[in-house]
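Peer 1: Structure provided below as structure tokens; questions to follow.
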Amino acid sequence: MIEQEIKLRFDTHEAARQAVITAGGRLVRSERPLDDRYLDTADDHLGNERCALRIRREPGVTTLTFKGPIEAGPVKSREEIETTVADADIAEALFGKLGYTEWWRILKHREDYLIGDVKVFIDRTPVGVFVEIEATPDEIAVTAGLLGRGPRDYILDSYRALYIQR
């Protein structure tokens, strides 16, 4: 599957929540902690290919995700392959045996909304508060507009890149 997304920065969590609700956002999953651990080999095999391997731990579910290289375009687009795993520690140990160890970790809090059929997330991170929109480029443009934002506000960087830039 190709994931297409953008981030929009907000000054506060409340401002982000108010914008999403005013735009017609319907809460579909309450705020919860996400513990994202990115894995790679010592020689940065995935990073050199502009790919990522992530184990996401959240209450009740662990998700394993491969992210392919970012494709050029108006929104962040990349291949994404995801599956749930029964035990995060075992998954991490298994990858460790294959030479993939944690090289970056981010803890954030996320709420999930729908605006129409568009997935919208509010993320509180160490680098700020963001609304993330996952949809087609046209749906992203419409949804961003409902939030009072436009293409000049789009952030295509990863949270790691934003962390390094601060």
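Peer 1: Roughly how tilted is helix 137-146, in degrees to the nearest 10 and between 0 and 90, from the longest Cα axis of the chain?
Peer 2: 50
Peer 1: While we're on this one: Give the distance, in whole Å, between the Cα centre of region 1-38 and the Cα centre of region 128-158.
Peer 2: 10
Peer 1: Remind me, relative contact order of the chain in percent, using alpha carbon pairs under 8 angstrom and six or more residues apart?
Peer 2: 33
Peer 1: Could you work out the helix-only [θ] at 222 nm for the chain, with each DSSP H run of four or more residues adding -39,500 (n - 2.57) and the total divided by the number of residues, to the nearest 500 deg cm²/dmol?
Peer 2: -6500 deg cm²/dmol
Peer 1: Compare ILE122, ILE90, ILE140 in a GNM of the chain, Cα atoms joined below 10 Å, and give the one with the largest fluctuation.
Peer 2: ILE90
Peer 1: Using the Cα centre of the chain as origin and beta-carbon charges of +1 (Lys, Arg) and -1 (Asp, Glu), tell me which of TYR163, ILE6, TRP104 is placed farthest towards the positive end of the dipole.
Peer 2: Among TYR163, ILE6, TRP104, the one farthest towards the positive end of the dipole of the chain is TYR163.
Peer 1: A further question on this structure: From Cα coordinates alone, what are the radius of gyration and Dmax values for region 2-165 in angstrom?
Peer 2: 16.0, 48
Computed from the coordinates by the stated procedures, all read-outs in this text should not be read as laboratory data. Predicted model only: the values in this text are computed from it and were never measured. Here the Cβ is made from the backbone with ideal geometry for all residues, glycine too, and neighbour counts use every protein chain on show.
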